[in-house]
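*Asks:* Mind looking over this structure? Questions follow.
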Amino acid sequence: MELGMARFSVVTYLVAHTFGLGGRVATRSQVPTLYKGAGPGTHWHATNAKLVGFTLPPMVGTLNAIVRHISAYSFPSAYLSFSTSFAVARSYALAGPGGVASMANPGFVYEIDLSSMATFPPLRDPIEQISKGFNGSFAHSHNGSGSLIAEIAQGATVFSQAQQSGGGMLAPAVSSQLRALIFAIRDAEILVEGQIPSGAVVKRHDVF
Amino acid sequence: MGTVKLNEIDIGSGVFATSAWLLDGPIALISTKTDQGSETLKSRLDLQKGMFIDPLPGERSTEGVHEVIEFLVQAKLHHG
């Protein structure tokens, strides 16, 4: 009977955590500590997620939504962005629509530990999702030089021409998927598709 | 970190960038005004992604956003 219940729980867990886009399922021991920056004047600055948790508007998560969230705009979105890096989260918290963070009006970095929760929402690794989402093509492909990745990461909009087969030089084509991959790596970004209960928000750090 | 005055750069939909705070890392805070009134709105701009993080009215023009970024990248170089 106990074995049956355990099997049922595992099946329920797997179904719940792979619903939607699917993907590798993070087990409890694999869930990293997550951080989210909230600059002055932002929603999660005015709303204390340590008291109410993180919530999302009812939207459907898709591959296009992931690419859009990372490389175009993040509101509205079916995802909540987090980073495994405190430093990255802090950089987002140092300013906001309410101005630059200060001692009197600090930004916040939330620290989230989902591993203590009985259930938790699906975590989406954007690298995995984008990479596997383009059946028959490769999201990381490009026709540029070896410096292209660094140029994209530095925010260039015009890229160095690269030699092509046959000897011609061409400015490389850069897809939104490639840009999203690079920026997701830059931010050590993890997307969460669902609500995060307040109990998982273990600390709210003041930063300025 | 420093403040940079922008020359009312048109970033689309009647929104103009007027000044910026350069922060550590790729994020800058942009102060804007609209042609509809004197209200000042601020939004973080990711200089590497070329993307405003906090909502501003209307749509952003690619040219305007690039002009702001170019200006700020040069300012960062000069500030060291």
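*Asks:* Got at least one residue in the stretch A:130-153 being in contact (Cβ under 8 Å) with a residue 12 or more places away in the chain, assigned to a strand (DSSP E or B) and touching a strand residue (DSSP E or B) at 6+ places or on another chain (Cβ under 9 Å)?
*Replies:* Our first condition is that a residue be in contact (Cβ under 8 Å) with a residue 12 or more places away in the chain; within the stretch A:130-153, this holds for A:130-134, A:139-145, A:147-149, A:152-153.
Restricting the remaining residues to those that are assigned to a strand (DSSP E or B) gives none.
No: zero hits.
*Asks:* Exactly one of these conditions fails for A:Gly98: (1) over 15 Å from the mean Cα position of the chain (by Cα); (2) more than 14 Å from every other protein chain (Cβ to nearest Cβ). Give me its number.
*Replies:* (2)
*Asks:* Sticking with this one: Has the stretch A:109-127 got any residue that is surrounded by fewer than 17 Cβ atoms within 10 Å (Cβ to Cβ) and facing another protein chain (nearest Cβ under 10 Å)?
*Replies:* There is no residue in the stretch A:109-127 that is surrounded by fewer than 17 Cβ atoms within 10 Å (Cβ to Cβ) and facing another protein chain (nearest Cβ under 10 Å).
*Asks:* Let me ask something else. Just name the residue that is farthest from the other protein chains (Cβ to nearest Cβ) out of those in the stretch B:1-27 that are in contact with a Lys or Arg (Cβ under 7 Å, 6 or more places away or on another chain) and of a type in the set (Gly, Ala, Ser). If you could, list the steps in order and put the result at the bottom.
*Replies:* Of the stretch B:1-27, the ones in contact with a Lys or Arg (Cβ under 7 Å, 6 or more places away or on another chain) are B:11-12, B:16, B:18-19, B:22, B:27.
Filter once more, keeping what is of a type in the set (Gly, Ala, Ser): B:12, B:19.
Details: B:Gly12: 13, B:Ser19: 12 Å.
Checking each candidate, the answer is B:Gly12.
*Asks:* Can you name the condition, by its number, that A:Pro172 falls short on among (1) buried (at least 16 other Cβ atoms within 10 Å of the Cβ); (2) part of a helix (DSSP H, G or I); (3) more than 14 Å from chain B (Cβ to nearest Cβ)?
*Replies:* Among (1) buried (at least 16 other Cβ atoms within 10 Å of the Cβ); (2) part of a helix (DSSP H, G or I); (3) more than 14 Å from chain B (Cβ to nearest Cβ), A:Pro172 violates only (2).
*Asks:* Please go through the stretch B:41-67 and pick out each residue that is assigned to a loop (DSSP other than H, G, I, E, B) and without any contact (Cβ under 8 Å) to a residue 24 or more places away in the chain. Spell out the reasoning first.
*Replies:* Our first condition is that a residue be assigned to a loop (DSSP other than H, G, I, E, B); within the stretch B:41-67, this holds for B:47-50, B:53-61.
Residues satisfying the conditions are B:Gln48, B:Lys49, B:Gly50, B:Asp54, B:Pro55.
*Asks:* Right, next: For the stretch B:42-74, enumerate the residues that are out of contact with any Phe, Trp or Tyr (no Cβ under 7 Å at 6 or more places or on another chain), under 16 Å from A:Ala156 (Cα atoms), more than 8 Å from chain A (Cβ to nearest Cβ) and hydrophobic (A, V, I, L, M, F, W, C).
*Replies:* B:Val65, B:Val68, B:Phe71, B:Leu72 - these are the residues of the stretch B:42-74 that are out of contact with any Phe, Trp or Tyr (no Cβ under 7 Å at 6 or more places or on another chain), under 16 Å from A:Ala156 (Cα atoms), more than 8 Å from chain A (Cβ to nearest Cβ) and hydrophobic (A, V, I, L, M, F, W, C).
*Asks:* Also, quick follow-up: Among the numbered criteria (1) at the interface with chain A (Cβ under 10 Å from one of its Cβ atoms); (2) surrounded by fewer than 19 Cβ atoms within 10 Å (Cβ to Cβ); (3) polar (S, T, N, Q), which single criterion is violated by B:Thr34?
*Replies:* (1)
*Asks:* Which condition from (1) buried (at least 21 other Cβ atoms within 10 Å of the Cβ); (2) modelled with pLDDT of 85 or more; (3) within 14 Å of chain B (Cβ to nearest Cβ) is the one that A:Ala49 breaks?
*Replies:* In the conditions (1) buried (at least 21 other Cβ atoms within 10 Å of the Cβ); (2) modelled with pLDDT of 85 or more; (3) within 14 Å of chain B (Cβ to nearest Cβ), A:Ala49 misses (3) alone.
*Asks:* I'm trying to understand the selection: among the residues of the stretch A:48-74, which are closer than 30 Å to A:Asp206 by Cβ, under 13 Å from the mean Cα position of the chain (by Cα) and assigned to a loop (DSSP other than H, G, I, E, B)?
*Replies:* Selection gives A:Tyr73, A:Ser74.
The values are calculated or read from the model by the stated rules, or taken from the named source; none is laboratory data. Keep in mind it's a predicted model, so treat the numbers as computed, not measured. All Cβ positions, glycine included, derive from the backbone under ideal geometry; neighbour counts span all protein chains shown.
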